[in-house]
Amino acid sequence: MIPLEHFLVVSGALFSLGLYTVLARRNGVLVLMGVELMLNGVTLNLVAFSVFSDPQRLVGQIFAIFVITVAAAEVALALAIILRLYRNRQTANVDQADLMRW
Amino acid sequence: MNTFQVAFYVLALMALAGAAGLAWARSVVHGALFLILALLAVAGLFLVLLADFLALVQVLLYGGAVAILILFAMMLTRAREEPAALDNAQKPWAMLVCLLVFLGTVAVAYATPWPRSGSFSHVGFEAIGVSLFTQWAIPFEIASLVLLVAMVGAIIIARAEEQE
């Protein structure tokens, strides 16, 4: 029997590494991959809680399905925006999209 | 150590190696390959949790669709031809924040008395389907609407304009 805490540590590590990727990377595609990693950590967390503490073991999985759905929508839109950014400014780096920066 | 424990620790190590590879990869393509490794390892962790429907969804959606979308975006933005400066100036602060978030998560995970309910058991596809179309029908419909709107929006944003 694997303790619940080990799943939480793994998903926390996935979330933190995704957060680091989001904060420290310049390329928009890499930032997006970091967001995907964070969402995956959250999904793992939801499924672990659902298995360990929900008697029906169902609600967490349904939530995880919704998280994956919204993540799919998000990745399509974000990639379209990065494509548009590249076409307009010839760069995919998010820190060079500073037209409206104060 | 039974089979499940061995599988869990191997898959967890694979997921963390993929995540670390993504965080410190020196090219975008390597980052994408590490991301695919991490996502497939998470699918394996779902199997360890006996959530086989989610493992299938994870392989199909992340291992397939999202990975291909990301590779396409890399190809179209020519990210692979860019010079090595992939990290920005806030790298040390990002490291600090990431470390604090991780330590906070671990501390909370070990300090909280979680409710337990027995051993693992399998949830069939049928139970998930019935629950999704009865108890969660309205969120399901909203999710389908979100997907439709995102699809239309992505096509409109990414489409080349006539004068270009």
Using only alpha carbon pairs under 8 Å that are at least six residues apart, calculate the relative contact order of region A:8-102 and give it in whole percent. 27 percent
Test item: B:16-25 mean partner chain Cβ contacts at 10 Å: 6
Compute the Cα gyration tensor for chain B, then decide on rounded, prolate or oblate, letting a ≥ b ≥ c be the square roots of its eigenvalues: rounded whenever a/c is under 1.5, prolate when a/b is larger than b/c in the other cases, and oblate in all that remain. oblate
Nearest 10, in degrees from 0 to 90: the angle of helix A:28-53 to the longest Cα principal axis of chain A is 10 degrees
Taking each full run of DSSP H in chain B as one helix, which ones are at least 24 Å long along their axis (Cα atoms) and have mean Kyte-Doolittle hydropathy of at least 0.5? B:3-24, B:28-48, B:91-111, B:137-158
Counting alpha carbon pairs within less than 8 Å and at least 6 residues apart, what relative contact order, in whole percent, applies to region A:31-73? 39 percent
With the Cα gyration tensor of chain A giving a ≥ b ≥ c as the square roots of its eigenvalues, does the rule (a/c under 1.5 for rounded; else a/b larger than b/c for prolate; else oblate) give rounded, prolate or oblate? prolate
With contacts defined as alpha carbon pairs under 8 Å and 6 or more residues apart, what's the relative contact order of region B:1-83 in percent? 28 percent
Under the rule a/c < 1.5 gives rounded, and otherwise a/b versus b/c splits prolate from oblate, where does the protein assembly as shown land using the Cα gyration tensor? oblate
Given H placed on each backbone N at 1.01 Å, which residues far from residue A:25 in sequence or on other chains put an amide H within less than 5 Å of it? B:88
Using a simple charge model, +1 on the beta-carbon of Lys and Arg, -1 on the beta-carbon of Asp and Glu, nothing else, what dipole does region B:1-131 show about its Cα centre, in debye to the nearest 20? 220 debye
Is there a quick way to get the dipole size of region A:4-94? I mean about its Cα centre, with the Cβ of Lys and Arg at +1 and of Asp and Glu at -1; what is the value in debye to the nearest 20? 520 debye
For chain A, longest principal axis from Cα atoms; helix A:59-89 axis from its Cα atoms; angle between them, nearest 10 degrees, is 10 degrees
Ranked output for segments A:95-102, A:30-37 by mean other Cβ atoms within 10 Å, highest leading, reads A:30-37, A:95-102
Give me the dipole magnitude in Debye, nearest 20, for the protein assembly as shown about the Cα centre, with unit charges on the beta carbon: positive for Lys and Arg, negative for Asp and Glu. 440 debye
Which whole number gives the average count of other chain Cβ atoms within 10 Å of the Cβ atoms across peptide A:58-70? 6
Cα lying deepest toward the dipole's positive end in the protein assembly as shown, options B:129, B:143, B:153, charges on Cβ: B:153
For residue A:93, residues with placed amide H under 5 Å, excluding near neighbours: A:28
So how tilted is helix A:4-24 from the main axis of chain A? Cα-based, degrees 0 to 90, rounded to 10. 0 degrees
Let me know the mean shielding of A:93-101 by other chains, meaning the per-residue number of their Cβ atoms within 10 Å of its Cβ. 1
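Rule-based calculations on the coordinates, nothing more; no lab input. If you're wondering where the values come from, they're calculated on a predicted model, not measured in any experiment. So basically every Cβ, Gly included, is an ideal-geometry build from the backbone, and we count neighbours across all protein chains shown.
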